[in-house]
Amino acid sequence: MASLLISDLHLQPSAPEVTEAFLRWLEERACGCEALYILGDLFEAWIGDDLLDLAGQDPTGNADLAVRVARALRRLADDGSALYLMHGNRDFLLGERFAAEAGATLLPDPSVVTLGGARVLLMHGDSLCTLDAEYQAFRAQARNPLWQAQVLSMPLEQRLALAKQLREQSGEANSNKAEDIMDVTQDEVRRAMAEHEVTTLIHGHTHRPAVHELVVGDAPARRYVLGDWQPGQGWEIEVANSGTPELKEI
């Protein structure tokens, strides 16, 4: 059996084609896999696990989407596949309740796992974009447990408004930034790989699918970048039990 890795689906009610493609992929492609790793930004936004309580009552459609996705993931887990969820920069409030509903385990960012018999570093990828000082400051705030607790204590309507505001601010800020600022920095990539003593790194976030050759210390290494999912297109990485990662367009 193989392990599969995906990232940056950004599921949202306004993009039903992506949701339907993902649910078909779970049934037809992921079924029977040894493990599925979702490396962040499964959802375009996540305002708290209590969203699951609003199925059938949420006019935005986000609650129904969350429940539908959780149930689909649970079916995969019940069939014997191990599921792992990593936080992204959009769904950093995803919590233990959603993970339990989905039959998944929340995976720290970064994490080292064994895939294809080798140690592999998994990350969402946003922490590698160190040239974007403005974003890194927000990331530090958003990962602060005290800040998260404060946000989750807000009424649901305020959290919805905050999520919308953050998305709008992010889009406006990114439109004014140079492309290289929003990409990873090679020094940080090498530092992270050396720190974790790996020669393989898999991440998402940048929406720039590719396989990069590099040198870490004196050893040849590879960085695999998962692409985002859009209508008619998705990306996965497959790792067979005794093989190397293979980036594939879906």
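Would you please give the FRET efficiency between Gln136 and Gln158, computed as 1/(1 + (r/R0)^6) with r the Cβ-Cβ distance and R0 = 25 Å, to the nearest 0.05?
On the way: r = 26 Å, r/R0 = 1.02.
Computed FRET efficiency for Gln136 and Gln158 comes out at 0.45.
Computed over the Cα atoms, what is the radius of gyration of the range 203-250 divided by 2.2 N^0.38 Å, N being its residue count?
On the way: Rg = 12.3 Å, N = 48, 2.2 N^0.38 = 9.6 Å.
The value comes to 1.28.
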If each of Arg68 and Glu246 carries a label point 7 Å out from its Cα toward its Cβ, how far apart are those two points in nm? 3.1 nm
Taking all protein chains in place and a 1.4 Å probe, what share, in percent, of the accessible surface of the chain do carbon and sulfur account for? 49 percent
Selection from Asn144, Leu166, Val215, by position along the positive dipole direction of the range 97-250 (Cβ): Asn144
Within the range 103-119: backbone nitrogen closer than 11 Å to the Val211 label point (7 Å, Cα to C-beta): none
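Please report, in debye to the nearest 20, how large the charge dipole of the chain is about its Cα centre when each Lys and Arg carries +1 at its beta carbon and each Asp and Glu carries -1 there.
Values: 21 positive and 39 negative charges, 51 e Å.
It comes to approximately 240 debye.
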Using protein chains only and a probe of 1.4 angstrom, how many square angstrom of Leu166 are accessible, to the nearest 10? 50 Å²
Which value, in debye to the nearest 20, gives the size of the charge dipole of the range 36-102 about its Cα centre, when Lys and Arg are +1 and Asp and Glu are -1 at the Cβ? 180 debye
Output the relative contact order of the chain, whole-number percent, from Cα pairs under 8 angstrom with separation of 6+ residues. 23 percent
If I stretch the segment between Glu195 and Ala118 completely, what's the gain in nm (0.36 nm per residue apart, minus their alpha carbon distance), one decimal? 26.1 nm
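For the range 58-131, give the share of DSSP beta bridges that are antiparallel, in percent and rounded to the nearest 5; count only bridges with both residues there.
Numbers: 5 of 9 bridges.
Of the beta bridges lying entirely in the range 58-131, close to 55 percent run antiparallel.
If you take the square roots of the eigenvalues of the alpha-carbon gyration tensor of the range 1-155 and sort them as a ≥ b ≥ c, do you get rounded (a/c under 1.5), prolate (a/b over b/c) or oblate? Walk me through the intermediate numbers first.
Values: a/c = 1.74, a/b = 1.08, b/c = 1.62.
In terms of gyration-tensor shape, oblate.
What does the accessible area per residue of the range 57-122 come to in Å², with a 1.4 Å probe and no ligands, DNA or RNA counted?
Solvent-accessible surface per residue comes out at 43 Å².
Can you pull out the trypsin sites (Lys or Arg not before Pro) in the range 40-106 whose DSSP state is coil and whose Cβ has at most 16 other Cβ atoms within 10 Å? Write down the numbers at each step before the final one.
Values: sites: Arg68, Arg71, Arg74, Arg75, Arg90, Arg97; in loops: Arg90.
Sites meeting the loop and neighbour criteria: none at all.
The values are calculated or read from the model by the stated rules, or taken from the named source; none is laboratory data. What you see is a predicted model, and the numbers here were worked out from it, not measured in a lab. With ideal geometry, Cβ positions are generated from the backbone for all residues, glycine too; neighbour counts draw on all protein chains shown. What goes into the accessible areas is simple: the full protein's heavy atoms, side chains included, and nothing from ligands, DNA or RNA. Shrake-Rupley method; radii C 1.70, N 1.55, O 1.52, S 1.80 Å.
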